[in-house]
Amino acid sequence: MTSLLLRHVRLVPVRTAAPPDPVSLRIADGTITAVAPELRPEAGERVVDADGRWVMPGLWDQHVHFTQWAQVRTRLDVSGTSDPAEVLALVRDHLGSCRAGDWLFGFGFRLTDWRREPTVAELDAVTGDRPVVLTSGDAHAGWLNSAAFRALGAVPADGPLTELAWFELMTHVIERNSAQDGDAAVRAAVEAAAARGVVGIGDFEFSEPLLTWPGRVHAGADALWVRTAVYADHLDAVIEAGLRTGSPLTPDGTVRLGPLKIISDGSLNSRTAYCHEPYAGSSNRGVQNHDRAELTALLGRASAHGLRAAVHAIGDAAAHEALAAFAASGASGSIEHAQLMTARDIATMASLGLTASVQPGHLLDDREATAQLWPDRAERCFPLRSMLDAGVPMVFGSDAPVAVLDPWESMAAAVHRSADEREPWNATEAVTPAEALAASVDGRDTLASGQPADLAVLDRDPLAATGDSAEAAALLRAVQVEATLRAGRLTHATGPFAD
Ligand SMILES: [Zn+2]
């Protein structure tokens, strides 16, 4: 394999210091083999003069639902609607351009934004016999028409399905959508991720962990490292195959088995996140999908077979129960979301060594819903600063399709907690740009000899902001990724890298 010499690159300091002046960086066999002020080209080596561009470890999105993300990019967008009637109008308009025999898939409505609950009957009145499935923006609810219920062989309902009732059907909906989209949608989404500097993802899709990604990589969609999670329904098969978290599922380890994923509660917008205190104006405290004994048994089983656990917990009571189950089972892993936490549980999380796998983009989307549903606990939401200060290891993700698969957006949201002109929400919980970068590189440090050659070449210094958090966030969003390398191979290339 020929080596690649990058000359005149500036190293972005990530977790560790970087030399102040540009350096040369040599890559061979998927590894950074040398970093020095000036390296002389070797015979047959490809040389790229980066002309002072910035380079950092490649980015990871630690929480995605990749198939759905690929699909959302082709679905009817029904976000930003304030009433079911608005969605019906969008659906009616879109039906004219649907191919005969196709289903209509839409995405993005938020029940909390609507003045009333939608009905299946009103959707039927617009859609007739064509199956229509509309997925909520948090992916915890689905509004189907009768034709879709029939085609899926499911028991019809009067309104949207939520949580487990929806998740049972969602798998089939995703399959149906995949069949309609073909491979192209996945390949395009992989390429779009690489174009933002992403080299790896933690995929929490409901899928066949041993088949889905190995098949995609085999078919050429191989720009990303993938850790593919396993849900309880595939746990036996994984254990029987002797696989642990980290086991390679492709010969070169591009795809590896991720953690056991457990969805322990619901979501804020569906009012199903499980809380210590009731939602505003109600006696509802949300939904606990597994009690503590079940959770402990599941985590214990995973741990006994070498699997880490990733427990979805959005409400504070869900996080509390999850932590108790981690403590009792001795399992290692992460709390996914950790959206509402008590100070005590943050301390417990640190002492148990559990990772906070957080999605800062949600804090921009959930600001209004929080004011409406959790006004009495808003200051405990998305406690990123508190978790970092307590010593909780933290990684960032998008939860795509709930937010866009773009780590720069996640980092910007974590740094400046406002999507508009308003003051940042709970500004004391903001993190610095350097901390945001550190949470987005899968634990890697500033590029150095001996590291895997996973890197992103940037048009500017992402840490150059000198002003307030709004400026720092704007800078992060403005970063252009000019090249991405995974395992030493260019997965995205513009400018001098494309030649
Ligand atoms: Zn998720």
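Okay, here's what the table says:
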{"read-out": "Extended-chain gain in nm, criterion 0.36 nm per residue less alpha-carbon gap, Ala297 and Leu352", "value": "18.0 nm"}
{"read-out": "Förster radius 41 Å - calculated FRET efficiency between Thr428 and Arg116 (Cβ-Cβ, nearest 0.05)", "value": "0.65"}
{"read-out": "Local electrostatic count, Thr67, Cβ distance below 10 Å [Lys/Arg +1, Asp/Glu -1]", "value": "-3"}
{"read-out": "Debye-sum result for region 66-181 in log10 I(q)/I(0), which assumes one identical scatterer on each alpha carbon, at q = 0.17 Å⁻¹", "value": "-0.75"}
{"read-out": "Among 43-50, 312-319, 183-190, the order from most to least packed when residues are scored by Cβ within 10 Å on average", "value": "312-319, 183-190, 43-50"}
{"read-out": "Potential extension, Ala328-Asp252 segment - 0.36 nm per residue separation minus Cα distance", "value": "23.8 nm"}
{"read-out": "Residues Trp213, Trp166, sorted so that the one with the fewest Cβ neighbours within 10 Å comes first", "value": "Trp166, Trp213"}
{"read-out": "Ranking of Arg40, Arg380 by count of other Cβ atoms within 10 Å, fewest first", "value": "Arg40, Arg380"}
{"read-out": "20 Å binning of all Cα-Cα separations within the chain, expressed as whole percents from 0 upward", "value": "23, 56, 20, 1"}
{"read-out": "Taking the chain and dividing mean pair separation by its residue count, relative contact order in percent (alpha carbons under 8 Å, at least six apart)", "value": "19"}
{"read-out": "Angle in degrees between helix 84-95 and the longest Cα principal axis of the chain, rounded to the nearest 10", "value": "70"}
{"read-out": "Gained length - Asp236 relative to Asp51, 0.36 nm times residue gap less alpha-carbon distance", "value": "61.3 nm"}
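Taken together, the values in this text are just the output of simple stated rules run on the coordinates, not laboratory data. These figures come from a predicted structure and were not determined experimentally. So basically every Cβ, Gly included, is an ideal-geometry build from the backbone, and we count neighbours across all protein chains shown.
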